[in-house]
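> I am attaching a structure below and will ask some questions about it afterwards.
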Amino acid sequence: MLLSPSSATQMKDQHATDTERPSGGLSSLPLELLFHILTFLPAQDIIDFLSTARSFHALASNESVWQELCSRYGLHDLAPFRIHDPNRSFFTVYTKLLHPYGPLLGLWASDNPFLGSVLEFRILTAEESKKGKWEGIICEVWRFWKPSESDDEGDDEDEDDEQELLLPDYYETLRIQLLPPDPPGYEPPALQPSYDGRFLIPVRHNGTKVTWAIHNEFGENDPAIYRDSLDEPIRLNCAHEQEFYIRNTPPDSDVKPSLHPPFPPPFLELHPPNDELRFPRFDEIEEEPLDHTEFLARFPWNDGADWRVFYAKPIDQEEPTTPQSISILPPFTVRLSERFWQVVQPFRRSGITDVRQDLNNQFSMWSPDPEEIPFKSHFFPIPSSPSSSSPSSSSNNLTVTEHDLEWTPQDLDGVWLCMYPRDDVQVVYLKWEEASSEVQAWKLTGDLHVPRGAVGWQFSTTAELDVAEYKQMLREMVIEVGSSPTLKIYEGSGVVAELGFLDATRKTIPLWAVVTSRDSISLRRYPGRDVSSEDQIHAGLRRSYAWDSEWDSESEKDATE
(Lines give C-alpha, C1' and ligand atoms only; values in the text may rest on other atoms or scores of the structure.)
Protein backbone atom coordinates (compact mmCIF):
# COMPACT_ATOMS: atom_id res chain seq x y z
CA MET A 1 0.00 0.00 0.00
CA LEU A 2 1.46 3.31 -1.10
CA LEU A 3 0.89 6.53 0.85
CA SER A 4 1.38 10.01 -0.53
CA PRO A 5 3.45 12.35 1.69
CA SER A 6 0.38 14.40 2.61
CA SER A 7 -1.65 11.29 3.37
CA ALA A 8 1.12 9.85 5.51
CA THR A 9 1.47 13.10 7.47
CA GLN A 10 -2.27 13.35 8.03
CA MET A 11 -2.56 9.80 9.23
CA LYS A 12 0.48 10.05 11.48
CA ASP A 13 -1.11 13.05 13.17
CA GLN A 14 -4.32 11.10 13.67
CA HIS A 15 -2.42 8.10 14.88
CA ALA A 16 -0.33 10.06 17.37
CA THR A 17 -2.94 12.39 18.86
CA ASP A 18 -5.85 10.03 19.34
CA THR A 19 -6.20 9.69 23.11
CA GLU A 20 -8.42 6.62 22.85
CA ARG A 21 -5.81 4.61 21.01
CA PRO A 22 -5.16 1.31 22.85
CA SER A 23 -1.61 0.90 24.07
CA GLY A 24 0.69 -1.82 22.83
CA GLY A 25 -0.02 -4.37 20.10
CA LEU A 26 -0.73 -3.22 16.55
CA SER A 27 -1.48 0.32 17.68
CA SER A 28 2.16 0.81 18.64
CA LEU A 29 3.49 -0.07 15.19
CA PRO A 30 4.78 2.61 12.82
CA LEU A 31 2.10 3.71 10.41
CA GLU A 32 3.94 2.54 7.28
CA LEU A 33 4.41 -0.96 8.77
CA LEU A 34 0.77 -1.10 9.87
CA PHE A 35 -0.42 -0.34 6.38
CA HIS A 36 2.00 -2.80 4.86
CA ILE A 37 0.43 -5.50 7.04
CA LEU A 38 -3.04 -4.52 5.86
CA THR A 39 -2.11 -5.23 2.25
CA PHE A 40 -1.94 -8.94 3.09
CA LEU A 41 -5.44 -9.07 4.61
CA PRO A 42 -8.75 -9.77 2.85
CA ALA A 43 -10.91 -6.71 2.35
CA GLN A 44 -13.46 -7.63 4.99
CA ASP A 45 -10.71 -8.16 7.56
CA ILE A 46 -9.34 -4.69 6.82
CA ILE A 47 -12.76 -3.14 7.29
CA ASP A 48 -13.29 -5.06 10.53
CA PHE A 49 -9.83 -4.04 11.74
CA LEU A 50 -10.44 -0.34 11.06
CA SER A 51 -13.64 -0.61 13.10
CA THR A 52 -12.05 -2.07 16.22
CA ALA A 53 -11.01 1.24 17.82
CA ARG A 54 -11.61 4.91 17.16
CA SER A 55 -7.96 5.48 16.28
CA PHE A 56 -8.15 2.85 13.54
CA HIS A 57 -11.61 3.99 12.51
CA ALA A 58 -10.24 7.51 11.98
CA LEU A 59 -7.57 6.12 9.66
CA ALA A 60 -10.31 4.80 7.40
CA SER A 61 -11.08 8.33 6.27
CA ASN A 62 -7.85 8.35 4.28
CA GLU A 63 -8.16 7.56 0.56
CA SER A 64 -5.03 5.39 0.52
CA VAL A 65 -6.87 2.51 2.19
CA TRP A 66 -9.65 2.50 -0.38
CA GLN A 67 -7.33 3.12 -3.30
CA GLU A 68 -5.43 -0.03 -2.41
CA LEU A 69 -8.65 -2.03 -2.12
CA CYS A 70 -9.84 -0.71 -5.51
CA SER A 71 -6.50 -1.68 -7.06
CA ARG A 72 -7.22 -5.32 -6.17
CA TYR A 73 -9.91 -5.18 -8.85
CA GLY A 74 -7.65 -3.47 -11.37
CA LEU A 75 -9.01 0.04 -10.74
CA HIS A 76 -6.15 2.52 -10.38
CA ASP A 77 -7.74 5.57 -11.98
CA LEU A 78 -11.13 7.10 -11.13
CA ALA A 79 -11.66 8.61 -14.60
CA PRO A 80 -14.43 6.08 -15.45
CA PHE A 81 -16.32 7.15 -12.31
CA ARG A 82 -16.05 10.93 -12.48
CA ILE A 83 -18.45 11.63 -15.32
CA HIS A 84 -21.25 12.81 -13.02
CA ASP A 85 -19.16 13.69 -9.97
CA PRO A 86 -15.62 15.03 -10.56
CA ASN A 87 -14.91 14.68 -6.83
CA ARG A 88 -15.94 11.04 -6.49
CA SER A 89 -13.55 9.18 -4.18
CA PHE A 90 -12.04 5.71 -4.04
CA PHE A 91 -13.98 5.31 -0.79
CA THR A 92 -17.32 5.77 -2.55
CA VAL A 93 -16.43 3.55 -5.51
CA TYR A 94 -15.22 0.77 -3.27
CA THR A 95 -17.90 0.81 -0.58
CA LYS A 96 -20.87 1.35 -2.91
CA LEU A 97 -19.79 -0.74 -5.91
CA LEU A 98 -16.66 -2.84 -5.65
CA HIS A 99 -17.13 -4.29 -2.18
CA PRO A 100 -20.46 -5.97 -3.03
CA TYR A 101 -20.01 -6.42 -6.81
CA GLY A 102 -16.27 -6.32 -7.49
CA PRO A 103 -15.83 -10.08 -6.98
CA LEU A 104 -17.97 -10.62 -10.08
CA LEU A 105 -15.31 -9.09 -12.36
CA GLY A 106 -13.95 -11.65 -14.80
CA LEU A 107 -15.30 -14.67 -16.67
CA TRP A 108 -18.04 -17.03 -15.49
CA ALA A 109 -19.15 -20.26 -17.18
CA SER A 110 -22.54 -21.89 -16.65
CA ASP A 111 -23.85 -25.41 -16.17
CA ASN A 112 -26.56 -24.74 -18.77
CA PRO A 113 -26.94 -28.27 -20.20
CA PHE A 114 -25.21 -29.09 -23.47
CA LEU A 115 -24.51 -25.55 -24.74
CA GLY A 116 -23.24 -23.83 -21.60
CA SER A 117 -22.63 -20.08 -21.77
CA VAL A 118 -19.96 -17.57 -20.76
CA LEU A 119 -20.51 -14.27 -18.93
CA GLU A 120 -17.98 -11.50 -18.56
CA PHE A 121 -18.21 -8.77 -15.91
CA ARG A 122 -15.98 -5.73 -16.40
CA ILE A 123 -15.69 -2.09 -15.34
CA LEU A 124 -16.94 0.36 -17.93
CA THR A 125 -14.17 2.41 -19.55
CA ALA A 126 -14.14 6.21 -19.25
CA GLU A 127 -15.04 6.53 -22.93
CA GLU A 128 -17.99 4.15 -22.53
CA SER A 129 -19.16 6.02 -19.43
CA LYS A 130 -19.16 9.32 -21.30
CA LYS A 131 -21.01 7.85 -24.28
CA GLY A 132 -23.54 5.85 -22.28
CA LYS A 133 -23.92 8.43 -19.51
CA TRP A 134 -23.62 5.87 -16.73
CA GLU A 135 -20.82 4.49 -14.58
CA GLY A 136 -20.26 1.06 -13.13
CA ILE A 137 -19.93 -2.61 -14.06
CA ILE A 138 -21.31 -4.17 -17.22
CA CYS A 139 -22.16 -7.87 -17.66
CA GLU A 140 -21.97 -9.30 -21.19
CA VAL A 141 -22.71 -12.73 -22.68
CA TRP A 142 -20.30 -14.15 -25.23
CA ARG A 143 -22.03 -15.27 -28.40
CA PHE A 144 -20.33 -16.47 -31.56
CA TRP A 145 -21.62 -15.69 -35.01
CA LYS A 146 -22.11 -18.74 -37.20
CA PRO A 147 -21.99 -18.48 -41.02
CA SER A 148 -25.09 -20.69 -41.28
CA GLU A 149 -27.15 -18.04 -39.48
CA SER A 150 -26.81 -15.51 -42.28
CA ASP A 151 -25.49 -17.29 -45.37
CA ASP A 152 -27.98 -18.38 -48.00
CA GLU A 153 -28.35 -22.09 -48.61
CA GLY A 154 -25.88 -23.37 -51.14
CA ASP A 155 -23.38 -20.57 -50.64
CA ASP A 156 -20.97 -22.88 -48.87
CA GLU A 157 -20.44 -25.23 -51.81
CA ASP A 158 -17.14 -23.54 -52.64
CA GLU A 159 -16.20 -23.07 -49.03
CA ASP A 160 -12.69 -21.68 -48.64
CA ASP A 161 -10.35 -23.99 -46.80
CA GLU A 162 -9.00 -21.03 -44.87
CA GLN A 163 -11.46 -20.18 -42.14
CA GLU A 164 -11.25 -17.21 -39.88
CA LEU A 165 -11.24 -17.83 -36.16
CA LEU A 166 -14.03 -15.58 -34.97
CA LEU A 167 -14.01 -13.66 -31.72
CA PRO A 168 -17.34 -13.39 -29.87
CA ASP A 169 -19.98 -10.72 -30.01
CA TYR A 170 -20.65 -9.35 -26.54
CA TYR A 171 -24.34 -9.00 -25.68
CA GLU A 172 -25.03 -6.71 -22.76
CA THR A 173 -27.07 -8.47 -20.09
CA LEU A 174 -26.80 -6.43 -16.88
CA ARG A 175 -25.76 -2.96 -15.82
CA ILE A 176 -24.63 -2.42 -12.26
CA GLN A 177 -24.73 1.36 -12.08
CA LEU A 178 -23.06 3.58 -9.51
CA LEU A 179 -25.67 6.30 -9.20
CA PRO A 180 -24.84 10.00 -9.31
CA PRO A 181 -24.89 11.73 -5.92
CA ASP A 182 -28.26 13.08 -4.85
CA PRO A 183 -28.69 16.88 -4.90
CA PRO A 184 -28.39 18.54 -1.48
CA GLY A 185 -31.58 18.13 0.50
CA TYR A 186 -33.02 15.54 -1.90
CA GLU A 187 -35.20 12.86 -0.30
CA PRO A 188 -35.73 9.82 -2.55
CA PRO A 189 -39.34 8.64 -2.78
CA ALA A 190 -40.30 5.63 -0.70
CA LEU A 191 -42.36 4.10 -3.54
CA GLN A 192 -42.13 3.90 -7.31
CA PRO A 193 -44.42 2.48 -10.06
CA SER A 194 -43.99 -1.15 -11.16
CA TYR A 195 -43.27 -2.08 -14.79
CA ASP A 196 -46.90 -2.01 -15.87
CA GLY A 197 -47.79 0.97 -13.69
CA ARG A 198 -50.41 -0.97 -11.73
CA PHE A 199 -48.56 -1.09 -8.41
CA LEU A 200 -46.38 1.05 -6.19
CA ILE A 201 -43.35 -0.76 -4.84
CA PRO A 202 -40.53 0.21 -2.42
CA VAL A 203 -37.56 2.05 -3.89
CA ARG A 204 -34.28 0.16 -3.63
CA HIS A 205 -31.65 2.87 -3.21
CA ASN A 206 -28.22 2.14 -1.79
CA GLY A 207 -26.07 4.06 -4.24
CA THR A 208 -26.33 1.46 -6.99
CA LYS A 209 -28.95 0.26 -9.45
CA VAL A 210 -29.05 -3.01 -11.41
CA THR A 211 -30.65 -2.92 -14.85
CA TRP A 212 -31.48 -5.75 -17.25
CA ALA A 213 -30.53 -5.41 -20.93
CA ILE A 214 -32.98 -7.46 -23.02
CA HIS A 215 -32.57 -8.42 -26.67
CA ASN A 216 -35.42 -9.39 -28.97
CA GLU A 217 -33.18 -11.14 -31.48
CA PHE A 218 -29.51 -11.33 -32.34
CA GLY A 219 -28.01 -8.97 -34.85
CA GLU A 220 -26.95 -5.44 -35.60
CA ASN A 221 -30.55 -4.23 -35.87
CA ASP A 222 -31.51 -5.30 -32.38
CA PRO A 223 -30.99 -2.47 -29.87
CA ALA A 224 -31.49 -3.67 -26.32
CA ILE A 225 -34.28 -2.44 -24.12
CA TYR A 226 -33.55 -1.75 -20.46
CA ARG A 227 -35.57 -2.48 -17.34
CA ASP A 228 -34.48 -1.56 -13.82
CA SER A 229 -34.50 -4.40 -11.33
CA LEU A 230 -36.70 -3.81 -8.33
CA ASP A 231 -34.72 -6.30 -6.27
CA GLU A 232 -31.26 -7.89 -6.46
CA PRO A 233 -31.26 -10.10 -9.61
CA ILE A 234 -27.83 -11.62 -8.87
CA ARG A 235 -28.03 -14.47 -6.40
CA LEU A 236 -25.25 -16.27 -4.53
CA ASN A 237 -26.03 -19.99 -4.32
CA CYS A 238 -24.90 -22.51 -1.76
CA ALA A 239 -23.29 -25.68 -3.03
CA HIS A 240 -26.14 -27.50 -4.76
CA GLU A 241 -27.07 -31.15 -5.17
CA GLN A 242 -28.27 -31.18 -8.77
CA GLU A 243 -27.22 -33.41 -11.63
CA PHE A 244 -28.61 -34.27 -15.05
CA TYR A 245 -29.14 -37.50 -16.98
CA ILE A 246 -30.25 -38.57 -20.43
CA ARG A 247 -31.75 -41.90 -21.37
CA ASN A 248 -33.15 -43.55 -24.49
CA THR A 249 -34.80 -46.55 -22.81
CA PRO A 250 -37.77 -46.83 -20.40
CA PRO A 251 -36.94 -46.26 -16.73
CA ASP A 252 -37.76 -49.89 -15.88
CA SER A 253 -35.18 -51.25 -18.36
CA ASP A 254 -31.80 -52.67 -17.41
CA VAL A 255 -29.98 -49.92 -19.30
CA LYS A 256 -28.60 -47.24 -17.00
CA PRO A 257 -29.07 -43.58 -17.95
CA SER A 258 -26.07 -41.55 -19.08
CA LEU A 259 -24.80 -38.96 -16.65
CA HIS A 260 -24.54 -35.50 -18.22
CA PRO A 261 -21.01 -34.14 -17.58
CA PRO A 262 -20.89 -32.49 -14.13
CA PHE A 263 -19.93 -28.83 -14.04
CA PRO A 264 -17.59 -27.24 -13.22
CA PRO A 265 -14.60 -29.57 -13.66
CA PRO A 266 -12.85 -30.16 -10.32
CA PHE A 267 -9.80 -28.05 -11.15
CA LEU A 268 -12.05 -25.01 -11.77
CA GLU A 269 -13.77 -25.18 -8.40
CA LEU A 270 -13.01 -22.17 -6.22
CA HIS A 271 -14.06 -21.97 -2.60
CA PRO A 272 -14.06 -18.85 -0.43
CA PRO A 273 -12.29 -17.60 1.55
CA ASN A 274 -9.41 -18.94 -0.55
CA ASP A 275 -10.61 -16.87 -3.50
CA GLU A 276 -12.39 -13.99 -1.86
CA LEU A 277 -12.08 -11.83 -4.96
CA ARG A 278 -14.35 -14.07 -7.08
CA PHE A 279 -17.51 -14.49 -5.01
CA PRO A 280 -19.90 -11.59 -4.33
CA ARG A 281 -20.48 -10.68 -0.71
CA PHE A 282 -24.16 -11.65 -0.59
CA ASP A 283 -26.10 -13.92 1.70
CA GLU A 284 -26.16 -17.47 0.37
CA ILE A 285 -29.39 -18.95 -0.95
CA GLU A 286 -30.05 -22.67 -0.62
CA GLU A 287 -32.16 -24.31 -3.31
CA GLU A 288 -33.88 -27.66 -3.44
CA PRO A 289 -32.68 -29.95 -6.27
CA LEU A 290 -35.11 -30.87 -9.01
CA ASP A 291 -36.30 -34.45 -9.38
CA HIS A 292 -37.96 -35.34 -12.68
CA THR A 293 -37.72 -39.12 -12.39
CA GLU A 294 -41.43 -39.44 -11.65
CA PHE A 295 -42.25 -37.99 -15.08
CA LEU A 296 -40.20 -40.52 -17.05
CA ALA A 297 -42.92 -43.17 -16.98
CA ARG A 298 -45.31 -40.80 -18.77
CA PHE A 299 -43.37 -40.89 -22.04
CA PRO A 300 -44.67 -43.23 -24.79
CA TRP A 301 -41.46 -45.26 -24.91
CA ASN A 302 -43.02 -48.00 -27.09
CA ASP A 303 -44.36 -45.79 -29.89
CA GLY A 304 -41.34 -46.48 -32.10
CA ALA A 305 -39.77 -43.06 -31.66
CA ASP A 306 -36.05 -42.71 -30.97
CA TRP A 307 -36.44 -41.10 -27.55
CA ARG A 308 -33.62 -39.20 -25.90
CA VAL A 309 -35.04 -37.83 -22.67
CA PHE A 310 -33.05 -35.31 -20.67
CA TYR A 311 -34.01 -34.85 -17.01
CA ALA A 312 -32.78 -33.69 -13.62
CA LYS A 313 -32.44 -35.55 -10.34
CA PRO A 314 -30.65 -35.01 -7.01
CA ILE A 315 -27.05 -36.11 -6.63
CA ASP A 316 -26.76 -39.60 -5.21
CA GLN A 317 -24.44 -38.48 -2.43
CA GLU A 318 -24.93 -37.26 1.09
CA GLU A 319 -22.82 -34.15 0.59
CA PRO A 320 -23.00 -31.83 -2.44
CA THR A 321 -19.86 -31.79 -4.51
CA THR A 322 -20.37 -28.54 -6.37
CA PRO A 323 -18.90 -25.25 -5.16
CA GLN A 324 -20.70 -21.97 -4.69
CA SER A 325 -22.14 -20.30 -7.76
CA ILE A 326 -24.21 -17.34 -8.86
CA SER A 327 -27.48 -17.19 -10.78
CA ILE A 328 -29.06 -14.27 -12.59
CA LEU A 329 -32.81 -13.97 -12.21
CA PRO A 330 -34.84 -12.78 -15.21
CA PRO A 331 -37.41 -10.01 -15.39
CA PHE A 332 -40.65 -11.48 -14.06
CA THR A 333 -42.87 -11.12 -17.08
CA VAL A 334 -43.34 -13.89 -19.63
CA ARG A 335 -42.30 -11.88 -22.66
CA LEU A 336 -39.20 -10.32 -21.14
CA SER A 337 -38.03 -13.49 -19.39
CA GLU A 338 -38.21 -15.48 -22.64
CA ARG A 339 -36.01 -12.95 -24.37
CA PHE A 340 -33.64 -12.80 -21.42
CA TRP A 341 -33.22 -16.58 -21.16
CA GLN A 342 -32.40 -17.02 -24.83
CA VAL A 343 -29.25 -15.00 -24.22
CA VAL A 344 -28.20 -16.06 -20.72
CA GLN A 345 -29.01 -19.78 -20.89
CA PRO A 346 -29.65 -20.63 -24.56
CA PHE A 347 -31.62 -23.69 -25.56
CA ARG A 348 -31.44 -25.33 -28.98
CA ARG A 349 -34.40 -27.30 -30.32
CA SER A 350 -33.31 -30.77 -31.36
CA GLY A 351 -34.16 -34.44 -31.19
CA ILE A 352 -33.66 -34.36 -27.42
CA THR A 353 -36.75 -34.21 -25.22
CA ASP A 354 -36.06 -31.96 -22.26
CA VAL A 355 -38.35 -32.69 -19.32
CA ARG A 356 -37.66 -29.20 -17.98
CA GLN A 357 -39.18 -27.74 -21.13
CA ASP A 358 -42.27 -29.92 -20.92
CA LEU A 359 -43.02 -28.90 -17.35
CA ASN A 360 -45.04 -25.72 -17.89
CA ASN A 361 -42.44 -24.45 -20.38
CA GLN A 362 -40.33 -23.49 -17.38
CA PHE A 363 -37.89 -21.19 -19.14
CA SER A 364 -40.65 -18.66 -19.77
CA MET A 365 -42.84 -19.36 -16.76
CA TRP A 366 -43.77 -16.18 -15.00
CA SER A 367 -43.71 -16.22 -11.23
CA PRO A 368 -43.72 -13.42 -8.68
CA ASP A 369 -41.38 -15.48 -6.52
CA PRO A 370 -37.90 -16.19 -7.92
CA GLU A 371 -37.67 -19.31 -5.79
CA GLU A 372 -40.48 -20.85 -7.83
CA ILE A 373 -38.53 -20.79 -11.10
CA PRO A 374 -37.75 -24.51 -11.66
CA PHE A 375 -34.21 -24.11 -12.98
CA LYS A 376 -31.72 -21.29 -13.14
CA SER A 377 -28.27 -21.81 -14.59
CA HIS A 378 -25.43 -21.72 -12.11
CA PHE A 379 -22.40 -19.67 -13.13
CA PHE A 380 -18.97 -20.56 -11.80
CA PRO A 381 -15.89 -18.31 -11.83
CA ILE A 382 -13.16 -19.10 -14.32
CA PRO A 383 -9.74 -18.53 -12.74
CA SER A 384 -7.46 -16.00 -14.34
CA SER A 385 -5.05 -17.47 -16.86
CA PRO A 386 -1.35 -16.74 -16.98
CA SER A 387 -0.75 -13.67 -19.11
CA SER A 388 -0.32 -14.36 -22.78
CA SER A 389 0.07 -12.38 -25.93
CA SER A 390 -2.95 -11.85 -28.11
CA PRO A 391 -3.21 -13.99 -31.24
CA SER A 392 -1.18 -12.28 -33.95
CA SER A 393 -3.41 -13.71 -36.64
CA SER A 394 -6.94 -15.06 -36.73
CA SER A 395 -6.48 -16.98 -39.96
CA ASN A 396 -5.32 -20.49 -40.73
CA ASN A 397 -1.90 -19.15 -41.73
CA LEU A 398 -0.35 -19.49 -38.29
CA THR A 399 3.03 -17.87 -38.90
CA VAL A 400 4.73 -17.38 -35.54
CA THR A 401 6.64 -14.28 -34.52
CA GLU A 402 9.89 -14.32 -32.54
CA HIS A 403 8.37 -13.37 -29.19
CA ASP A 404 6.05 -16.40 -29.32
CA LEU A 405 8.72 -19.02 -29.84
CA GLU A 406 9.45 -20.25 -26.34
CA TRP A 407 6.69 -22.09 -24.51
CA THR A 408 6.11 -24.90 -22.02
CA PRO A 409 3.02 -27.07 -21.48
CA GLN A 410 2.14 -24.96 -18.43
CA ASP A 411 1.96 -21.90 -20.72
CA LEU A 412 -1.04 -23.47 -22.46
CA ASP A 413 -3.24 -23.32 -19.35
CA GLY A 414 -6.20 -20.99 -19.74
CA VAL A 415 -9.23 -20.04 -21.82
CA TRP A 416 -9.04 -20.85 -25.54
CA LEU A 417 -11.35 -20.46 -28.52
CA CYS A 418 -11.71 -23.56 -30.71
CA MET A 419 -13.26 -23.42 -34.18
CA TYR A 420 -14.58 -26.37 -36.15
CA PRO A 421 -15.20 -25.82 -39.88
CA ARG A 422 -18.83 -26.98 -39.72
CA ASP A 423 -19.58 -25.98 -36.16
CA ASP A 424 -19.64 -22.84 -34.11
CA VAL A 425 -16.69 -21.54 -32.15
CA GLN A 426 -16.52 -23.14 -28.72
CA VAL A 427 -14.78 -22.01 -25.55
CA VAL A 428 -12.47 -24.52 -23.88
CA TYR A 429 -10.17 -24.39 -20.90
CA LEU A 430 -6.81 -26.05 -21.52
CA LYS A 431 -5.43 -27.73 -18.43
CA TRP A 432 -1.93 -29.16 -18.16
CA GLU A 433 -2.00 -32.32 -16.02
CA GLU A 434 1.55 -32.82 -14.83
CA ALA A 435 0.95 -36.29 -13.39
CA SER A 436 -0.13 -37.72 -16.76
CA SER A 437 1.82 -35.24 -18.94
CA GLU A 438 -1.42 -34.44 -20.78
CA VAL A 439 -2.95 -31.23 -22.07
CA GLN A 440 -6.73 -31.58 -21.71
CA ALA A 441 -9.33 -29.38 -23.43
CA TRP A 442 -12.33 -29.07 -21.09
CA LYS A 443 -15.37 -27.58 -22.77
CA LEU A 444 -16.83 -24.44 -21.20
CA THR A 445 -19.37 -24.29 -24.03
CA GLY A 446 -20.46 -27.27 -26.05
CA ASP A 447 -23.01 -28.74 -28.41
CA LEU A 448 -25.65 -31.46 -28.48
CA HIS A 449 -23.10 -34.16 -29.31
CA VAL A 450 -20.23 -33.33 -26.91
CA PRO A 451 -21.57 -30.92 -24.26
CA ARG A 452 -20.01 -28.45 -21.88
CA GLY A 453 -18.12 -30.08 -19.02
CA ALA A 454 -16.65 -32.84 -21.21
CA VAL A 455 -13.04 -33.23 -22.30
CA GLY A 456 -13.31 -32.56 -26.02
CA TRP A 457 -9.75 -33.50 -26.88
CA GLN A 458 -6.36 -34.04 -25.33
CA PHE A 459 -2.79 -34.84 -26.24
CA SER A 460 0.22 -36.22 -24.41
CA THR A 461 3.41 -34.18 -24.34
CA THR A 462 5.37 -37.43 -24.10
CA ALA A 463 4.09 -38.45 -27.54
CA GLU A 464 6.06 -35.88 -29.54
CA LEU A 465 6.51 -36.64 -33.24
CA ASP A 466 9.31 -35.75 -35.67
CA VAL A 467 8.27 -32.59 -37.54
CA ALA A 468 10.37 -33.56 -40.56
CA GLU A 469 8.16 -36.60 -41.18
CA TYR A 470 4.97 -34.50 -41.25
CA LYS A 471 5.85 -31.67 -43.62
CA GLN A 472 3.12 -32.66 -46.08
CA MET A 473 0.51 -32.60 -43.33
CA LEU A 474 1.69 -29.16 -42.18
CA ARG A 475 1.41 -27.83 -45.74
CA GLU A 476 -2.14 -29.19 -45.97
CA MET A 477 -2.92 -27.41 -42.69
CA VAL A 478 -1.51 -24.14 -44.14
CA ILE A 479 1.22 -24.03 -41.50
CA GLU A 480 4.50 -22.70 -42.77
CA VAL A 481 7.14 -25.37 -42.27
CA GLY A 482 10.14 -23.94 -40.45
CA SER A 483 8.26 -20.87 -39.26
CA SER A 484 9.06 -21.77 -35.68
CA PRO A 485 11.97 -23.82 -34.38
CA THR A 486 9.83 -24.73 -31.37
CA LEU A 487 6.83 -26.00 -33.40
CA LYS A 488 5.86 -29.38 -32.01
CA ILE A 489 3.49 -32.15 -33.07
CA TYR A 490 1.87 -34.52 -30.59
CA GLU A 491 -0.37 -37.54 -30.81
CA GLY A 492 -3.70 -37.15 -29.09
CA SER A 493 -7.36 -38.11 -29.17
CA GLY A 494 -10.77 -36.50 -29.47
CA VAL A 495 -14.25 -37.49 -28.33
CA VAL A 496 -17.23 -37.91 -30.67
CA ALA A 497 -20.76 -39.06 -29.88
CA GLU A 498 -24.26 -39.23 -31.26
CA LEU A 499 -26.94 -36.74 -30.32
CA GLY A 500 -27.28 -36.52 -26.54
CA PHE A 501 -23.81 -37.76 -25.55
CA LEU A 502 -25.15 -41.17 -24.54
CA ASP A 503 -22.58 -43.48 -22.97
CA ALA A 504 -23.06 -46.19 -25.60
CA THR A 505 -22.40 -43.78 -28.49
CA ARG A 506 -19.22 -42.13 -27.20
CA LYS A 507 -16.05 -42.98 -29.07
CA THR A 508 -12.48 -41.81 -29.13
CA ILE A 509 -10.73 -40.92 -32.38
CA PRO A 510 -6.99 -40.36 -32.83
CA LEU A 511 -5.72 -36.91 -33.81
CA TRP A 512 -2.60 -34.82 -34.12
CA ALA A 513 -2.06 -31.56 -32.23
CA VAL A 514 0.31 -29.03 -33.81
CA VAL A 515 1.43 -26.45 -31.26
CA THR A 516 2.86 -23.51 -33.18
CA SER A 517 3.14 -21.16 -30.20
CA ARG A 518 1.87 -20.65 -26.68
CA ASP A 519 -1.21 -18.99 -28.22
CA SER A 520 -2.03 -21.20 -31.19
CA ILE A 521 -2.78 -24.90 -31.68
CA SER A 522 -4.10 -26.70 -34.78
CA LEU A 523 -5.75 -30.11 -34.65
CA ARG A 524 -5.81 -32.69 -37.39
CA ARG A 525 -7.74 -35.92 -37.31
CA TYR A 526 -5.50 -38.93 -37.85
CA PRO A 527 -5.93 -39.91 -41.54
CA GLY A 528 -5.40 -43.63 -41.02
CA ARG A 529 -8.54 -45.78 -41.27
CA ASP A 530 -10.02 -47.39 -38.17
CA VAL A 531 -12.77 -49.75 -39.34
CA SER A 532 -13.96 -50.36 -35.78
CA SER A 533 -14.90 -46.68 -35.50
CA GLU A 534 -17.12 -46.74 -38.60
CA ASP A 535 -20.87 -47.21 -38.89
CA GLN A 536 -22.62 -49.37 -41.50
CA ILE A 537 -25.15 -46.83 -42.81
CA HIS A 538 -26.73 -49.27 -45.28
CA ALA A 539 -25.63 -51.93 -47.75
CA GLY A 540 -22.58 -50.65 -49.57
CA LEU A 541 -21.97 -47.59 -47.34
CA ARG A 542 -19.77 -47.24 -44.28
CA ARG A 543 -19.24 -43.89 -42.57
CA SER A 544 -16.47 -42.77 -40.27
CA TYR A 545 -17.78 -41.93 -36.83
CA ALA A 546 -15.93 -38.61 -37.02
CA TRP A 547 -17.69 -37.62 -40.26
CA ASP A 548 -19.89 -35.07 -38.48
CA SER A 549 -17.12 -33.83 -36.22
CA GLU A 550 -14.77 -32.26 -38.79
CA TRP A 551 -11.75 -32.59 -36.56
CA ASP A 552 -9.55 -30.31 -38.64
CA SER A 553 -9.71 -27.22 -36.44
CA GLU A 554 -7.80 -24.35 -34.95
CA SER A 555 -7.58 -23.13 -31.40
CA GLU A 556 -6.28 -19.81 -30.22
CA LYS A 557 -5.90 -18.48 -26.73
CA ASP A 558 -8.57 -15.91 -25.90
CA ALA A 559 -7.37 -12.44 -26.75
CA THR A 560 -9.17 -10.94 -23.74
CA GLU A 561 -6.84 -12.62 -21.24
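> Per residue, how much space in cubic angstrom lies within the convex hull of the C-alpha atoms of the stretch 27-101?
That works out to 97 Å³ per residue.
> Pop the C-beta distance of Leu541 and Gln472 into the FRET formula with R0 = 30 Å and round what comes out to the nearest 0.05.
0.55
> Also, I was wondering about something else. Averaged per residue, what accessible area in Å² does the stretch 406-541 show with a 1.4 Å probe, protein chains only?
Here the per-residue accessible area is 41 Å².
> To continue, here is another question. Skipping prolines and chain starts, which residues have an amide H placed within reach, meaning under 5 Å, of the one on Arg308, given they are 5 or more residues away or on another chain?
Residues meeting the criterion, in which the H sits 1.01 Å from N, are Thr353.
> On a full-extension model of 0.36 nm per residue, what is the gain between Ser350 and Ser253, subtracting their alpha-carbon distance, rounded to one decimal in nm?
32.5 nm
> Residue separation times 0.36 nm, minus the C-alpha to C-alpha distance between Glu128 and Leu41: what's the value?
28.1 nm
> With θ set to phi - 60°, apply the Karplus curve 6.51 cos²θ - 1.76 cosθ + 1.60 along the stretch 90-105 and write out the HN-Hα couplings as whole Hz, x wherever there is a Gly or Pro.
4, 4, 5, 4, 6, 5, 7, 10, 6, 5, x, 10, x, x, 6, 4
> Report the paramagnetic label zone for Ser384: residues of the stretch 69-83 whose backbone N is under 17 Å from a point 7 Å from Cα along the Cα-to-Cβ axis.
What the label zone holds, given the 17 Å backbone N cut-off, is 69-77.
> Something else now. Hey, can you grab everything whose amide H is under 5 Å from the amide H of Ser384? Only 5+ residues off in sequence or another chain; H modelled, so Pro and N-termini drop out.
Close amide H contacts, sequence-distant or interchain: none at all.
> May I ask for the percentage of alpha-carbon pairs in the stretch 406-541 that lie more than 21 Å from each other?
The proportion of pairs with Cα distances above 21 Å equals 46 percent.
> Can you list residues whose amide H is under 5 Å from Ala463's amide H, if they're 5+ apart or on another chain and H is modeled 1.01 Å from N?
Here the answer is Glu491, since their amide H atoms fall under 5 Å of that of Ala463.
The values are calculated or read from the model by the stated rules, or taken from the named source; none is laboratory data. None of these values were measured; they are calculated from a predicted model. Glycine also receives a Cβ, built like all others from the backbone with ideal geometry; neighbour counts cover every protein chain displayed. In case anyone asks, the SASA skips ligands and DNA or RNA and just uses the protein heavy atoms, side chains included. Shrake-Rupley method; radii C 1.70, N 1.55, O 1.52, S 1.80 Å.
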